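Colleague: To start, I am sharing the structure in question, which I have written as structure tokens.
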Amino acid sequence: MNKKKIYYCLAALLATFPVLNSCSFLEVDELGKSDTDTFFSEMEGLRTARMGLYRITFDFFDQYLCKYAEVAGESLQSVVVGSGGEMYYQYNFLSTPDLETTAVGYLWKRGYAVITNANTILNYSENLKAKFPDNADEIRHIEAEACFMRALVHFSLVCCYAQPYGFTSDASHLGIPVADHVVGANEQIARSSVRTVYEQIIRDLNTAYGILGDSAPAEADYVSGLACDALLARVCLYMGDYGQAESYSGKIISALNLTSYEDYADMFTGEELGDEAVFRLSGYYAGSSLRKFYDYESASFIPANDFIGLFAADDIRRTLLEAPDGSAACMKYYDTATSVPDEQFYYLTVLRLSEMYLIRAEARCMQNDLEGAASDLKKLQARARNVPEDDIVLSYADAGGLMELIKTERRKELFAEGHRFFDLARWGDDIVRPEDTNSSMKILEYPDYRYALPIPQVEMDVNEAMVQNEGY
């Protein structure tokens, strides 16, 4: 089936899939067990559920996760002044538990909706394997996808609602509830430690990899074994397990090639896969949120001037920071290959090779392999400027100086892809914004309770086992 046609069909698929969209993940909707049993009694129900899982994961990233990770950083400037603007509370670090209709409530609600649906797929898959033994391989593949999505969203949520892994020496501080099964209507689950959450994430990724093996992404729109390795590289980096982060990222680097300078912009705007895609989520302009969020004709946020100033004039990435009319804009979510707005298609990058080079560079630097780290950094800079690697000169005196270059390169390369605030948090870095920013928060010094969002009030009200984050 044509890729675009698949996503046109998703709305219809979701209408038939019993998605659990309660305000609290513990406040499970009573869909009727017989209805759900009937839905998952045939292979077509499982296949529909699989596509629905991809779509709601896209919505989670598109509508909230990628925006929050960027507006809470320092690379964006708000266009809208006042409390009516989207992400206003997160941009100004004014989040409170009762903000249910902002990122505070929706990240929680939508994230656990993804996890609940992944759990539902896993709950019914065993019976389907027994009923349809000829489809056992297909069912196992869908199980792997569900485990990957569950890991991906648990990871995203613990980044949002908990302090970073290194906040305590053993990561024993409060994380999020681990939902590794279909949660009953009256079941109350307490928050696990951050360490326990990460252990669950790794278990799920290892389970998925055990099914998918070393499969490369024939189509990066779907989960592969390589995507499991790539996400494990990120998870290990966040844990400070630099040896494993280097190992996992190295597997991706050995398997794929960087997208060329000539094709770089088209990787985001031209409906092209690019050589380096590992896993991405796909959607249409008509139903997209990021596309509208960054629309240069009515943008909510634009790249900050000091951020644009980090790029050399010949850096291809700078072209994605300028609208057709010459104004500052994030163009990573524009389909310039299609002129009809409702047919415009865009990709939301979750994992790609450039990030793996940055992960390996950081891991090597932290293990005092400065030469290896510098080599990885030079590859990205040479590609960005279309020059030989030998022409790239890095100026640093020690590991600390090289680490600052790596941090800046991550900021430039992964801009608007949902990383910046989480990077600052795990590094323990202050958030320092330009003096001319219209945010009321110019500097947020680490550590601070606002490096984690509050648990939504509705969850606190219905779940007696829930504990609120300090400061809220």
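Colleague: Given H placed on each backbone N at 1.01 Å, which residues far from residue 301 in sequence or on other chains put an amide H within less than 5 Å of it?
Modeller: Amide H neighbours of residue 301, under 5 Å, 5+ apart: 79.
Colleague: Please list, ordered by chain and number, the residues whose modelled amide H lies under 5 Å from the amide H of residue 193; skip anything fewer than 5 residues away on the same chain.
Modeller: 175
Colleague: Identify the chymotrypsin sites (Phe, Trp or Tyr not before Pro) of the range 254-314 meeting these criteria: DSSP loop state and at most 16 other C-beta atoms within 10 Å of the C-beta.
Modeller: On the way: sites: 261, 264, 268, 279, 284, 285, 293, 294, 296, 301, 307, 311; in loops: 261, 264, 294, 296, 311.
Of the chymotrypsin sites (Phe, Trp or Tyr not before Pro), the ones in loops of the range 254-314 whose Cβ has at most 16 other Cβ atoms within 10 Å are 261.
Colleague: In the structure shown, do any of 67/379; 251/379; 378/407 have a Cα-Cα gap over 21 Å, and if so which? Kindly include the intermediate steps, with their values, before the conclusion.
Modeller: On the way: 67/379 28 Å; 251/379 17 Å; 378/407 14 Å.
Too far apart for the 21 Å limit: 67/379.
Colleague: Just how far, in whole angstrom, is the range 155-191 from the range 412-472 if you go by their alpha carbon centroids?
Modeller: Taking the Cα centre of each part, the range 412-472 and the range 155-191 sit 16 Å apart.
Colleague: Using Cα pairs under 8 angstrom and six or more residues apart, how large is the relative contact order of the range 39-159, in percent? The partial results should precede the final answer.
Modeller: Numbers: 90 pairs, mean separation 37.7, N = 121.
For the range 39-159, the relative contact order is 31 percent.
Colleague: Could I ask something else about it? For a quick check of your reading of the filter: which GluC sites (Glu not before Pro) in the range 387-441 sit in a DSSP loop and have no more than 11 other Cβ atoms within 10 Å? Spell out each step's value before the answer.
Modeller: Numbers: sites: 389, 404, 409, 413, 417, 435; in loops: 417, 435.
Qualifying residues, ordered by number: 435.
Colleague: For the chain, what does -39500 (n - 2.57) per DSSP helix run (n ≥ 4), summed and divided by total residues, give at 222 nm, in deg cm²/dmol to the nearest 500? Each step should come with its number before you reach the end.
Modeller: On the way: 18 runs with 223 residues, N = 472.
Per the formula, -15000 deg cm²/dmol.
Colleague: Using only Cα atoms, find the angle between the long axis of helix 242-255 and the longest principal axis of the chain, and express it within 0 to 90 degrees, rounded to the nearest 10.
Modeller: 90
Colleague: In addition: How many angstrom separate the Cα center of the range 207-242 from the Cα center of the range 310-334?
Modeller: Between the Cα centre of the range 207-242 and that of the range 310-334, the gap is 30 Å.
Colleague: I would also like to ask the following. May I ask you to evaluate 6.51 cos²θ - 1.76 cosθ + 1.60, the Karplus curve with θ = phi - 60°, for each residue of the range 88-94 and list the ³J(HN,Hα) values in order in whole Hz, giving x for glycine and proline?
Modeller: 4, 5, 6, 5, 9, 6, 10
Colleague: (i) 21.5, 67; (ii) 23.1, 71; (iii) 21.9, 84: which one is Rg and Dmax of the Cα atoms in Å as calculated from this entry?
Modeller: Of the labelled values, this structure produces (i).
Colleague: Sorted from fewest to most neighbouring beta carbons within 10 Å, what does the list 256, 377 look like? Walk me through the numbers on the way to the answer.
Modeller: Working: 256 20, 377 27.
Going from least to most buried by this count: 256, 377.
Colleague: Counting only residues 5 or more places away or on other chains, whose amide H sits under 5 Å from the amide H of residue 76 once H atoms are built in the peptide plane?
Modeller: 304
Colleague: Given labels modelled 7 Å from the Cα in the Cβ direction, how far is it in nm from residue 47 to residue 313?
Modeller: Once both label points are built, they end up 5.6 nm from each other.
Colleague: May I ask you to derive the relative contact order of the range 3-462, considering only C-alpha pairs under 8 Å and at least 6 residues apart, and to give it as an integer percent? If you can, show how the numbers build up before the last one.
Modeller: Working: 765 pairs, mean separation 94.1, N = 460.
Reported as a whole number, the value is 20 percent.
Colleague: By count of other Cβ within 10 Å, fewest leading, how are 310, 237, 174 ordered?
Modeller: Numbers: 310 17, 237 25, 174 22.
Going from least to most buried by this count: 310, 174, 237.
Colleague: Here's another thing I want to ask about it. How large is ³J(HN,Hα) for each residue in the range 108-117, as worked out from phi by the Karplus curve 6.51 cos²θ - 1.76 cosθ + 1.60 (θ = phi - 60°), to whole Hz, x for Gly and Pro?
Modeller: Each residue's phi maps through the Karplus curve to give 5, 4, 6, x, 6, 5, 4, 4, 4, 6 Hz.
Colleague: Taking the Cα centre of the range 345-472 as origin, work out the dipole magnitude from +1 charges on Lys and Arg Cβ and -1 charges on Asp and Glu Cβ, in debye rounded to 20.
Modeller: It comes to approximately 460 debye.
Colleague: I need the GluC sites (Glu not before Pro) found in the range 232-279, filtered to DSSP loop residues with at most 14 other beta carbons within 10 Å of theirs. Provide the component values of the computation, followed by the final result.
Modeller: Details: sites: 246, 262, 271, 272, 276; in loops: 262, 271, 272, 276.
Within the range 232-279, the qualifying GluC sites (Glu not before Pro) (loop, at most 14 other Cβ atoms within 10 Å) are 262.
Where a number appears in this text, it was derived from the coordinates with a stated rule and is not lab data. Note that the structure is predicted; figures quoted are calculated from it, not measured. When we count neighbours, we look across all protein chains shown, and the Cβ atoms used for this are built from the backbone with ideal geometry, even at glycine.
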